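Below: the structure, in structure tokens.
Only the coordinates and a few stated rules stand behind these numbers; no lab work does. What you are looking at is a predicted structure, and each value in this text was computed from that prediction instead of being measured. All Cβ positions, glycine included, derive from the backbone under ideal geometry; neighbour counts span all protein chains shown.
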Amino acid sequence: MDARVEKCLNTNIKDLINEFNEIQTALDKYEIGCAPCSLGTCKLKDVVSIHNLNAENEKQLFENIFSIIYPGESFEIPRIAQEKKTSGNGNSMSPPLRMLVDEHKLIKRILAKIPAIVEILDVKKQEHKDIVLAVADFIKNYADKYHHAKEEDELFVQFDTSLDIIQVMMNDHVQSRGYVAEMLRGVEEGDTSIVKNNLINYLNLLTEHIHKEDDILYPWMDMNMQTKTVGMLYSRFFEINNSRPDVQPKYEKLATILEENFSL
């Protein structure tokens, strides 16, 4: 491999973007949004690997990037991303990660009701306060202690947790807890504006967070997990679920209640 190619592939993506602004435009064509990232320590090769472009798109992206860095020169660049694994039924997600994706579906059902809740919210009314407390309970005990805990305690530790994309996910978890704390402070103080702002902040954060996990992080992890790790995670997730059998039905019932009572 050409030494210049190897150096670029192992350079932090933020450093490349800072030096060559057009690189972010090249990345944007493939929905790789590195510029807004708060960390930016991923190497170029890791960014491409994590997003798992097909061979044609990966080749075109690298050609675009290297034409920006070294105009008029051409390089032979090895394939970075792995080919996607597929199963017999066409589902490319392994069972433990499919379990997490399915949990996202319930979280998204609650998220979808937040705009309608915010539209009518007045926490000086007891029934409205109860709605916010129910949503906060869901976030704390399902989205965080049930779902995020599986990610943080079981899944993420199977990888290098210093990777940007994992650090971003962890930071999102911390930020979401802050929004819930502020939400509850607003309820306690009877300040509807605080509650509304933090409900919307949570909605925006988790919507993007789930997209990054479902479409980028989980598929990349799936391709890089050994079979024994997949089996171990599947077993652990079942143990966690079986130790708290009331959790899923409790919050599915809440989602149904919100869907029946709130619409825009």
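Farthest toward the dipole's positive end in segment 95-261, which of Pro219, Ile240, Val118, given Cβ charges of +1 (Lys, Arg) and -1 (Asp, Glu) about the Cα centre? Value computed over the given set: Ile240. For the chain, a crude dipole built from +1 on the beta carbon of Lys and Arg and -1 on the beta carbon of Asp and Glu, taken about the Cα centre, is about 520 debye to the nearest 20.
Helix 95-111 axis versus longest C-alpha principal axis of the chain: approximately 50°, rounded to the nearest ten. In this structure, the amide hydrogen of Lys43, modeled 1.01 Å from its nitrogen in the peptide plane, lies closer than 5 angstrom to those of Ile13, counting only residues at least 5 positions away or on a different chain. Against the chain, whose longest principal axis is taken from its Cα atoms, helix 247-261 shows a tilt of about 70°. Cross-link pairs exceeding 23 Å in C-alpha to C-alpha distance, out of Lys43/Lys145; Lys140/Lys250; Lys59/Lys105; Lys105/Lys150; Lys129/Lys150, comprise Lys43/Lys145; Lys59/Lys105; Lys129/Lys150.
Computed from the C-beta positions of Lys250 and Thr229, the FRET efficiency with R₀ = 30 Å rounds to 0.50. Nearest 10 degrees, 0 to 90: what angle lies between the long axis of helix 164-189 and the longest principal axis of the chain (Cα atoms)? Orientation of helix 164-189: about 20 degrees from the principal axis. Mean separation of Cα pairs under 8 Å and 6 or more residues apart, divided by the residue count, gives the chain a relative contact order of 23 percent.
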